[in-house]
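Values quoted throughout were computed directly from the atomic coordinates according to the rules given, and no laboratory measurement underlies them. On a predicted model such as this, the values are computed, not experimentally measured, just so you know. We place every Cβ from the backbone using ideal geometry, glycine too, and count neighbours over all the protein chains shown.
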Amino acid sequence: MSKNRCWTQTFVLVCTFGSLGMVSSAPANADDLAGHCCVDWNKLNLTQTQSQQIDQLNGQWSKDYNEIKPVISDDQQKLQKLLADHNSDPVEVMALQQQIARKREQLNGLATANYLRKRQVLNENQQFNLEQMIKAMVAKRQAQLHPNQHTETVVTDRIQNLMNRARNIWPVQAER
């Protein structure tokens with residue numbers, strides 16, 4: 001399996017995971033987006049330059065998040081009030097709902113762009129470790145959301161093991 005395809009699969013997992021709940025109004029998920037995510041950057045053995053770049057990107061993300069999330073929260077409260085009011089204008093309700101969706105999509109786009117810039121800072125080994133950390137976080141979150149689905153985890157682990165073995169059959173491109 002090519003490196004790009006593997007990263008694409010990881011990226012799809014991250015994006016799917018993000019779109020399934022990380023940009024909801026739930027407070028626990030808001031912490032993930034505010035910078036308290038699954039990635040412990042210290043475990044990646046960053047150089048001082050890499051650490052500074054990651055800190056700079058974290059600062060940019062916090063700034064973006066703190067600008068957009070309050071607007072989303074305010075609009076969600078307005079929407080709840082409109083939905084509770086039997087005299088509310090349906091066009092206004094739909095417009096507000098679409099505005100919230102656009103802001104969420106904007107926030108998702110910024111999060112993805114920030115993640116990709118952070119990943120570019122890392123070397124190949126660090127990127128692999130990052131991939132493993134994210135996969136573990138996704139598996140942990142899925143286990144929390146669906147605690148009685150152990151058979152799916154076993155199947156996923158077997159598939160993942162097969163993917164890892166296939167990836168390790170061919171030498172890394174840098175060694176060629």
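Spin-label model, Asn123 to Asp74: label points 7 Å out along the Cα-to-beta-carbon direction sit 4.7 nm apart. Full extension of the segment from Leu82 to Asn108, taken as 0.36 nm per residue of separation minus the current Cα-Cα distance, would add 6.8 nm.
Using a simple spin-label model with pseudo-atoms 7 Å out from Cα toward Cβ, Ile159 and Val91 lie 4.6 nm apart.
Using 0.36 nm per residue and subtracting the Cα-Cα separation, the extra length available between Ser51 and Asn168 on full extension is 39.2 nm.
Applying the Karplus relation 6.51 cos²θ - 1.76 cosθ + 1.60 with θ = phi - 60° to region 105-117 yields 3J(HN,Hα) values of 5, 4, 5, 4, x, 5, 5, 5, 4, 5, 4, 5, 5 Hz, where x marks Gly and Pro.
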